[in-house]
Amino acid sequence: MKFPEDPNRDFPFYQGNPVSLTIAQWCFLIALVGIAFALLIVPIPWPGGEFSAFIPALLFPLIPLLGLSWVSKGNAKSLFGRVGLREIKLMILFALLNIAVTLVVGGIVQLTLGANSNPAIAAASQLSPSGLTIFLSKTALQLVGEEVLTIIPMLALMQWLVARAGMSRSRALFLSWISTAVIFGLLHLSTYHWDFVQCVVIIGTARLMLSLAYIKTKNLWVSSGAHIINDWFLILVNVVLSSLAQP
């Protein structure tokens, strides 16, 4: 499969650009991703009242990125790029692509096997305007973390497949793209009542579309922006429809 990639930008840490990372360093980073994810989902009594949810949402991307900055000697910024009008257009484009594809895939699964709703999105319709603002802000931080959770393992697996398994770049990228999407879907099992098909097929498909935004641009801001636009759209549509349905 040939991916739509910007010709003047390659994946960071791939073939030593800007620095090389060892397998041990990649494993350390993936462990940090796991720790950050655990802090997000484990019910810890964080301080801060209604703002307490910001702590794990912030730690989710911050812990792996700090780890990456340490092992790469300050080159964690290589995951990101500039944000201009072109990047904003790409965020919107990939968000719309993701919405369209997942609506089709989700509709097929819903009609054939049934699917569960996301309880967090459903609960958002019951929030006050200030509560909804806090929820959307916290969600944005968490979604940046979800991009970090996906892209760091994708880059690690891609490098290992090329350097150690002798695989071609295109095949390694394809397998890394698919594998991390499946893993991302499985991490949502508890959210969707352990519905394996829904998580792998619907959530996994959504992840494939969002990962394409990073593959295209090599810019985590673009994939994060597309993810935020996608989820905010779904949340706000649900809020509006719920308000219209109330007598």
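A short reminder: the numbers here are calculations on the coordinates, not readings from a lab. Quick caveat, the model's predicted, so the values are computed rather than measured. Here the Cβ positions follow ideal geometry from the backbone for every residue, glycine too, while neighbour counts run over all protein chains shown.
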Förster radius 30 Å - calculated FRET efficiency between W46 and K73 (Cβ-Cβ, nearest 0.05):
0.40
Rank these for me by crowding, C199, C27, going from fewest to most other beta carbons within 10 Å.
C27, C199
Applied in sequence order to region 227-234, the curve 6.51 cos²θ - 1.76 cosθ + 1.60 (Karplus, θ = phi - 60°) yields integer Hz couplings, x standing for Gly and Pro, of 5, 5, 4, 4, 6, 4, 4, 4
Along each of the three principal axes of the Cα atoms of the chain, give the extent in whole Å, ordering the values from largest to smallest.
61, 43, 38
Within a Cβ distance under 15 Å of H227, other residues only, what is the Lys/Arg minus Asp/Glu net charge?
-1
Subset of K89/K138; K2/K89; K2/K216; K73/K138 violating a 19 Å alpha-carbon distance limit
K89/K138; K2/K89; K73/K138
Convert each backbone phi in region 87-101 into a coupling constant with the Karplus relation 6.51 cos²θ - 1.76 cosθ + 1.60 (shift: θ = phi - 60°), then list the ³J(HN,Hα) values in order as whole Hz, x for Gly and Pro.
5, 5, 4, 5, 4, 5, 4, 6, 5, 5, 4, 5, 4, 5, 5
Summed side-chain charge close to L97 - residues other than L97 whose Cβ falls under 15 Å, Lys, Arg +1, Asp, Glu -1
+2
How many Å³ per residue does the convex hull of the Cα positions in region 172-247 occupy?
95
Alpha carbon centre of region 46-73 versus region 171-195: separation in Å?
22
Assertion target for K73, K218, ordered by fewest C-beta neighbours within 10 angstrom first, is K73, K218
Compactness ratio of region 5-71: Cα Rg over 2.2 N^0.38 Å, N = residue count?
1.44
Around S78, what is the net charge, scoring Lys/Arg as +1 and Asp/Glu as -1 over all other residues with Cβ under 14 Å from its Cβ?
+4
Under the Karplus relation 6.51 cos²θ - 1.76 cosθ + 1.60, θ = phi - 60°, what is the ordered set of whole-Hz ³J(HN,Hα) values for region 205-218, x standing for Gly and Pro?
5, 4, 5, 4, 5, 5, 5, 4, 5, 6, 4, 5, 9, 6
